[in-house]
1. Leaving out ligands and nucleic acids, note down the accessible area per residue over the chain with a 1.4 angstrom probe, in whole Å².
2. Measure off 7 Å from each Cα along the Cα-to-Cβ vector at V46 and D60, then give the distance between these two points in nanometres to one decimal.
3. Helix 61-73 against the longest principal axis of the chain: what's the angle in degrees, Cα atoms only, rounded to the nearest 10?
4. Here are several values of Rg and Dmax of the Cα atoms in Å: (i) 15.8, 54; (ii) 18.2, 59; (iii) 12.3, 36. Which one was derived from the coordinates shown?
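The values are calculated or read from the model by the stated rules, or taken from the named source; none is laboratory data. The shown structure was predicted, so the numbers you read here are calculated from the model rather than taken from an experiment. Cβ coordinates were reconstructed from backbone atoms using ideal geometry, including for glycine residues, and neighbour counts include every protein chain displayed. These area figures cover heavy atoms from the full protein model, side chains too; ligands, DNA and RNA do not enter into them. Shrake-Rupley method; radii C 1.70, N 1.55, O 1.52, S 1.80 Å.
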Amino acid sequence: MKPGRHPAGAVLRLDALATPLAVARIASILAHRRFDVVTMDIAAPVDGMRRITIEVDTTDDIRLRQLGNFLNRSSDVVEVFRLT
């Protein structure tokens, strides 16, 4: 296992708008859905978009699919990719 990796987790990559409240809204969605966030990497904005990589402490496919659908409904999120 690589250093810094959590053994039981999933990684999501979001393309979100580079608005001041976008990161706060995404964090609020994660908290409301009661996901334990292991890491959250927020890249600098490029062309009005911000790439956010989130590692959550769950391997439940149903919950992850629901989270992806819920994040996709947010007006701040352009697209959600599940990496692992």
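1. Working: 5270 Å² over 84 residues.
Value returned for the chain: 63 Å² of accessible area per residue.
2. Computed distance between label sites V46 and D60 equals 3.4 nm.
3. 0
4. It is the one labelled (iii).
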